[in-house]
Amino acid sequence: MADIVLDKVTKKYPDGTTAVHEVDLEIADGEFIILVGPSGCGKSTTLNMIAGLEDISSGELRIGGQRVNEKQPKDRDIAMVFQSYALYPNMTVGENMAFPLRLAKMDKALIKQKVDEAARVLELTEYLDRKPANLSGGQRQRVAMGRAIVRSPKAFLMDEPLSNLDAKLRVQMRTQVSRLQKQLNTTTVYVTHDQTEAMTLGDRVVVMRGGYIQQLGDPQTLYDNPVNLFVAGFIGSPSMNFLAATVEESVLRTPLGDLPLGDRMRSALSGADAPRELIVGIRPEHFEDAALIEEHQRAKGFEFTMPVDLVESMGSDKYVYFTVEGERAAAADLEDLTADAGGADLPPQDNLVTRLSAESRVRDGVDARVWMNLDKIHLFDPRNGHNITLHEGKAAGVSAA
Amino acid sequence: MAVATTSAKVKWGLLDAVVVVFALIPVLWIASLSFKTPATLTDGNFIPREWTFENYKLIFQTDQFVRALINSIGIALISTLIAVVLGTMAAYAISRLDFPGKQLLVGVSLLIAMFPQVSLVSPLFNIERNTGLFDTWPGLILPYITFALPLAIYTLSAFFKQIPWDLEKAAKMDGATQGEAFRKVIAPLAAPGVFTTAILVFIFCWNDFLFAISLTSTERSRTVPVALSFFTGASQFEDPTGAISAAAVVITIPIILFVLFFQKRIVAGLTSGAVKG
Ligand SMILES: Nc1ncnc2c1ncn2[C@@H]1O[C@H](COP(=O)(O)OP(=O)(O)OP(=O)(O)O)[C@@H](O)[C@H]1O
Ligand SMILES: [Mg+2]
């Protein structure tokens, strides 16, 4: 067990692509950390550098306080689970799991004991003599995990270990991975491009884009206080709604109506280089059917009336879709998000998604009066995507004083 | 796999029988000739009326056949070994590494395979005369390797490309050195490819007549296909057909043994189950 420190780690491939730019990351001993981001953002490259499968172009990697840049993978004492599982097809399940121990020249009896132990934890005991070809996807995945845990390494690296499984099995295995990690308390770096996996599994989540870390924090912080448009849109499902807005005197003009600005926002927007054009971001659950809002809450929000496009009843709540007229929110970050539909379920830009209580009586095609919580609104600068409502890392809505 | 219906089985059975008969009749005919006496040689009977082992005794009594057999086995085995070892390394590099000139290397090796061998015989003859390689084992082994290598590289790189690279990375993460990863993980998976290639190369060397007849002159390095062509009967007037047939049967046996020995190791689908399939 050990901590892992990345100090300005950069990866430049021979063809000139810089896949990872000066990444700084401190992973504490026993921590479960998730690298998440759209395809091609450098997650696997980062992981492979920690593993030693890729050279580090510049910067320093320390495991347990020791510089390991020049160490071979085998000398780093790290186990890895691959997306493809990478089981040795010519060996049985037992032999697969015993392989790292045999390489370490461990005593035969001890190997057997360790393999049996791992097989028991992963419920693989009855398959020990089978070849990987005769296993189901979930079982193969467990063998891959087994091969990693038998030798109690300093850290686990997992590169999208669940992405080859079907949806149901993925949820099951997710819980199992999480439980296993808690039980073993081994430092784990887990790569995924699925934001749900990122939110549910990790102690902390690293959102990456184009080789840069966008934000690092625990799941709730990322969700509540995204530093920019990209993180805001990537984390959360269904994702945050984005609307184009302009600042006019003391109001914010949006396709939903004019929103009042609180004192703090007004001063933040009064600077010489303050943007006149903004992007408003608000999550679906911060809307509510106006009829269900209590009087004392009404003042904190803003109400508008719009025809309902579609109602999806989930039982516990209702997803209600509206069409927003007028200008679309446009920013480089948003284009990046749309380009990578894999990570976030981003709605079409002219769609407003709201999540209302199940008691709501709104119906398809009929005008609905909807309340929106002004305290939960984020404002983004479309030029660089920054969240300008963040104050010392905490978000405060437009109406906050 | 779907269960075959009876009529489908019969159809396939018949088709197989036709193919086998078509391929085997000439071989059996030669075998039959080798057991016939000179008198009944031309009677046209498929099953000899008079059985004799005279032909076999005869060829093993002649020094030249035994000597040629030893030459053939030695030369073919050494060529196969070298071609397969070099081919394995080259194919591994081609399928796993990106290095400048890779395409060129592949192209050139393809070019060599396509080059008409006949056109090289006279230059090779002159070169070997001048370098003293003429009529020696290395004099045959070298050109055999030259022409077998492209074949080996091609077959083997196709096999290597099937092996997921992740397996090698996994082995390294499990604590293997580069060498151990190759020996314990990649090589066992590449084995079917290596054996297939070995068989192909061995047959190529074993059956070669062109180089063998042009680059040898004595028993020192003459191989069996050539020795056969020098066979004469006991007297000038006697037909050596029986002896040649017997020799042909004898030289087919090593190939059959070679193939049977390696065939067990050619298990298709050896890599299945390594990755999500
Ligand atoms: N061997 C290589 N040579 C050159 N560029 C590479 C190489 N491997 C990866 N890249 C580039 O580096 C970037 C990061 O790749 P990486 O595999 O780390 O992405 P990823 O985040 O793991 O994506 P995914 O979710 O699709 O697995 C990509 O733009 C990719 O094209
Ligand atoms: Mg990847």
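What longest range of chain B stays clear of loop-exposed chymotrypsin sites (Phe, Trp or Tyr not before Pro) (DSSP non-H/G/I/E/B, at most 15 other C-beta within 10 angstrom)?
Longest run free of exposed loop sites: B:54-208.
Simple spin-label estimate for A:Q220 and A:E248 gives 3.9 nm between the two label positions (7 Å along the Cα-to-Cβ direction from each Cα).
So for chain B, averaging the separation of alpha carbon pairs under 8 Å that are six or more residues apart and normalising by length, what relative contact order in percent results? Provide the component values of the computation, followed by the final result.
On the way: 271 pairs, mean separation 82.2, N = 277.
Across chain B, relative contact order equals 30 percent.
Here r is the Cβ-Cβ distance between B:F46 and B:T5 and R0 is 41 Å; the resulting FRET efficiency, rounded to 0.05, is 0.70. For A:M158, nonlocal amide neighbours, meaning residues 5 or more places apart or on other chains whose placed amide H falls under 5 Å from its own, are A:V81, A:V189, A:Y190, A:V191.
The dipole here belongs to the protein assembly as shown: it is taken about the Cα centre, uses +1 on the Cβ of Lys and Arg and -1 on the Cβ of Asp and Glu, and is about 2820 debye. The peptide list A:328-334, A:141-147, A:23-29, A:105-111, put in order of mean Cβ contacts within 10 Å with the highest first, becomes A:141-147, A:328-334, A:23-29, A:105-111.
Length available on full extension from A:L110 to A:N69: 0.36 nm per residue minus the Cα-Cα distance, which gives 11.6 nm. For the peptides B:75-87, A:115-127, A:185-197, the ranking by packing is A:185-197, B:75-87, A:115-127, with the highest mean count of neighbouring Cβ atoms within 10 Å listed first. Each of A:G42, A:A290, A:L259 was scored by the projection of its Cα onto the charge dipole of chain A, and the greatest displacement toward the positive side belongs to A:G42; charges sit on the C-beta of Lys, Arg, Asp and Glu. For B:T37 and B:T252, the FRET efficiency from 1/(1 + (r/R0)^6), where r spans their Cβ atoms and R0 equals 25 Å, is about 0.70. Normalised by the number of residues in the stretch A:138-277, the mean separation of alpha-carbon contacts (under 8 Å, six or more apart) gives a relative contact order of 13 percent.
With each label modelled as a point 7 angstrom along the Cα→C-beta vector, the B:R129-A:E117 pair spans 7.6 nm. Applied to the stretch A:51-57, the Karplus parametrisation 6.51 cos²θ - 1.76 cosθ + 1.60 on θ = phi - 60° returns per-residue 3J(HN,Hα) values of 6, x, 7, 10, 6, 8, 6 Hz, with x for Gly and Pro. Taking the number of Cβ atoms within 10 Å of each Cβ as an exposure proxy, the fewest-first ranking of B:T197, B:T40, A:T246 is A:T246, B:T40, B:T197. Using Cβ point charges alone (K and R +1, D and E -1), the dipole size of chain A about the Cα centre works out to roughly 1880 debye.
On the basis of the beta-carbon distance and an R0 of 56 Å, A:A358 and A:H391 show a calculated FRET efficiency of 0.95.
Ranking B:L33, A:A155, B:A191 by how far each Cα lies toward the positive end of the dipole of the protein assembly as shown (charges on Cβ) leaves B:L33 at the top.
For the stretch A:1-154, the alpha-carbon radius of gyration amounts to 1.15 times the rule-of-thumb value 2.2 N^0.38 Å expected for a compact globular protein.
The H on the amide N of A:R209, modeled in the peptide plane, is under 5 Å from the matching H of A:Q214, each at least 5 residues off or on a different chain.
The distance between label points at A:M314 and A:S237 comes to 1.1 nm (points 7 Å beyond Cα on the Cα→Cβ vector).
When the stretch A:231-380 is described by a simple charge dipole with +1 on each Lys and Arg Cβ and -1 on each Asp and Glu Cβ, the residue from A:S313, A:F302, A:T246 located farthest towards its positive end is A:F302. Centroid-to-centroid, using Cα positions, the stretch B:34-54 and the stretch B:103-117 are 47 Å apart.
Loop-only check: which trypsin sites (Lys or Arg not before Pro) in the stretch B:25-104 are DSSP coil with at most 12 other Cβ within 10 angstrom? Please list the in-between numbers first.
Numbers: sites: B:K36, B:R49, B:K57, B:R67, B:R96, B:K102; in loops: B:K36, B:R49.
Answer in residue order: B:R49.
Here's how it looks for A:R283: its modeled amide H is under 5 Å from those of A:N241, which are all 5 or more places away or on a different chain. Which log10 I(q)/I(0) values does the protein assembly as shown give at q = 0.05, 0.07 Å⁻¹ under the Debye formula, counting every alpha carbon as one identical point scatterer? Summing over Cα pairs of the protein assembly as shown leads to -0.43, -0.70. Dividing the mean sequence gap of close Cα pairs (under 8 Å, 6+ apart) by how many residues chain A holds gives a relative contact order of 17 percent.
Contour minus end-to-end for A:S163 and A:D375, with contour as 0.36 nm per residue of separation and end-to-end as the Cα-Cα distance? Intermediate values should be presented prior to the final figure.
Details: separation 212, 0.36 × 212 = 76.32 nm, distance 3.66 nm.
Once the chain is fully extended between A:S163 and A:D375, it gains 72.7 nm.
Quick check on chain A: helices-only [θ] at 222 nm, where DSSP H runs of length 4 and up contribute -39,500 (n - 2.57) each and the sum goes over total residues. Nearest 500, please. Mind showing how you got there, number by number?
Details: 12 runs with 106 residues, N = 401.
Computed mean residue ellipticity for chain A: -7500 deg cm²/dmol.
Overall dimensions of chain A, expressed as equivalent-ellipsoid semi-axes from the Cα gyration tensor (√(5λ), whole Å, largest first), are 46, 25, 16.
Taken together, the values in this text are just the output of simple stated rules run on the coordinates, not laboratory data. Keep in mind it's a predicted model, so treat the numbers as computed, not measured. Every residue, glycine among them, receives a Cβ derived from its backbone with ideal geometry; neighbour counts consider all protein chains shown.
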